[in-house]
1. Can you tell me how many residues in the range 368-379 are surrounded by fewer than 23 Cβ atoms within 10 Å (Cβ to Cβ), part of a helix (DSSP H, G or I) and more than 13 Å from the chain's Cα centre (by Cα)?
2. Which is surrounded by fewer than 16 Cβ atoms within 10 Å (Cβ to Cβ) and farther than 18 Å from N147 by Cα, of S233, S212, S238, S218?
3. Taking the range 371-399 on its own, how many of its residues are farther than 24 Å from Q161 by Cα and basic (K, R)?
4. Quick check on this structure: which one of P144, P136 is out of contact with any Gly (no Cβ under 7 Å at 6 or more places or on another chain), surrounded by 14 or more Cβ atoms within 10 Å (Cβ to Cβ) and either of a type in the set (K, R) or not in a helix (DSSP H, G or I) (or both)?
5. Looking at the range 1-85, what helices (runs of 4 or more DSSP H) fall wholly within it and have at least 3 residues that are modelled with pLDDT of 80 or more and touching a Lys or Arg at 6+ places or on another chain (Cβ under 8 Å)?
6. Assuming W100 fulfils every condition listed in (1) aromatic (F, W, Y); (2) within 22 Å of K132 (Cβ to Cβ); (3) touching a Leu at 6+ places or on another chain (Cβ under 7 Å) apart from one, which condition is it?
7. Considering the range 242-262 alone, what residues qualify as being surrounded by 24 or more Cβ atoms within 10 Å (Cβ to Cβ), closer than 17 Å to T211 by Cα and either of a type in the set (F, W, Y) or in contact with a strand residue (DSSP E or B) (Cβ under 7 Å, 6 or more places away or on another chain) (or both)?
8. Checking the conditions here, which among I124, I143 is closer than 30 Å to K31 by Cβ and touching a residue at least 24 places away in the same chain (Cβ under 8 Å)?
Amino acid sequence: MKKLIFTITLAIFSIHIAIAQVPERNLDELKSESQFRADKGAYPMGGIASEDAKEALSLITTRERDDWAKGWGNVAQKYMAEGKKASNPKDAGIAFKKAWRLYYMAQWPVPNSKGKQEAYDKAIEAYSMYAKTMSPELKVVKIPFGNQTITAYVRMPSNAQGKVPMILAISGLDSRKETVAEGYAPILDQGIGFIAVDGPGTGQAPVKVSTSADKMFSAVLDYVYKMPEVDSSRIVVSGVSFGGYWAAKLAFTEKDRILGSVAQSPPIHEFFSPEFLVNNTMGNREYLFDLAPAFINVFEGAKDVDDLARIMPPMSLKTMGLLNQASAPMLIVGGTKDTQVPISDLELLARSGTKPNYSWINPVGGHLGRELKGWTDPVILNKVIIPWEVELIKNHKTN
């Protein structure tokens, strides 16, 4: 496969600042930073209008989780009502999409309170109503997983000729299958479909994060392999942030069933150390707020930071002995100024496996390689990730 031109240099560096001593943003700081990101369209506020953010933030008077949820939810419910009254599907879809984004923000980063859980449930409802206006259609599928089920979204291109290649798109710590489904909509125009799933411990995933939670993705692959319209020889896995961890792991454990893997800012080894947890994860300000509480919420058996320090080290792919094994080819994406996942983890992964690995590293980018302007999340996905996936798929001999 012809290499894409990735000329940005991968640099090794470490940021061992005592971030644990930096407190989480207070209410005024949080509201100011949230409005700034909404004004700039920066994560996690992308898709939320500045005026809607301003209204929601004006309703938030404490840093309590349910107060956060209520503020955003009050603005969201206006768009839900607007969507239900709309006279045509297009206008309804626009309103329901806005409602979904606001309810998603209401439950951010994870639904770890009653109000946030209610907001998440409403986000699912709003997205479902928005999905009914989509073309090609979005299907909700239920995949057997032991005595549980995996909820996933499937969209297939309308212009497909023959069997369809597929992307298995995995969400991260605070993204959801809805957000990755939105991101991958442009790939339908390339004759490629996708199946979007929540990462373990998030959304509607049936299991929390553990060393064996990747079994749920094997079950998703089982399902995709049985879809008669799918070309099972051209399945690519793509994961964002913590989803990148699962994408990287699947490049080794499912190398015989996938064509390749995209791992965007994937935690691999150092990230899971107690030192990184204390120095970088707690109080991290690249993250809007509550990064450590979000991880506590998604890990099986975690109730506090001490539990994380005990549970996380065995998650290392190096400790598992996977990195020296055979693998599918990977695209590794990130930024050297990422304070959430160390650049050393990306470099380690780039040197691992047996197939050619490709890297796109933004020397001034933060988490996921993103910048405030220029290399935003959608730009990276559409200018770097999707072109690599399309080239990989189209250069592979079909079944």
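1. Number satisfying all stated conditions: 1.
2. Answer to the check: S233.
3. 2
4. The match here is P136.
5. 27-40, 65-85
6. Unmet condition: (3).
7. Correct list: F242, G243, G244, Y245, W246, A247, A248, L250, A251.
8. Testing whether each residue is closer than 30 Å to K31 by Cβ and touching a residue at least 24 places away in the same chain (Cβ under 8 Å) leaves just I124.
The values are calculated or read from the model by the stated rules, or taken from the named source; none is laboratory data. Bear in mind that the values here come from a model prediction, so they are computed numbers and not experimental data. Glycine gets a Cβ as well: all are built from the backbone with ideal geometry, and neighbour counts include every protein chain shown.
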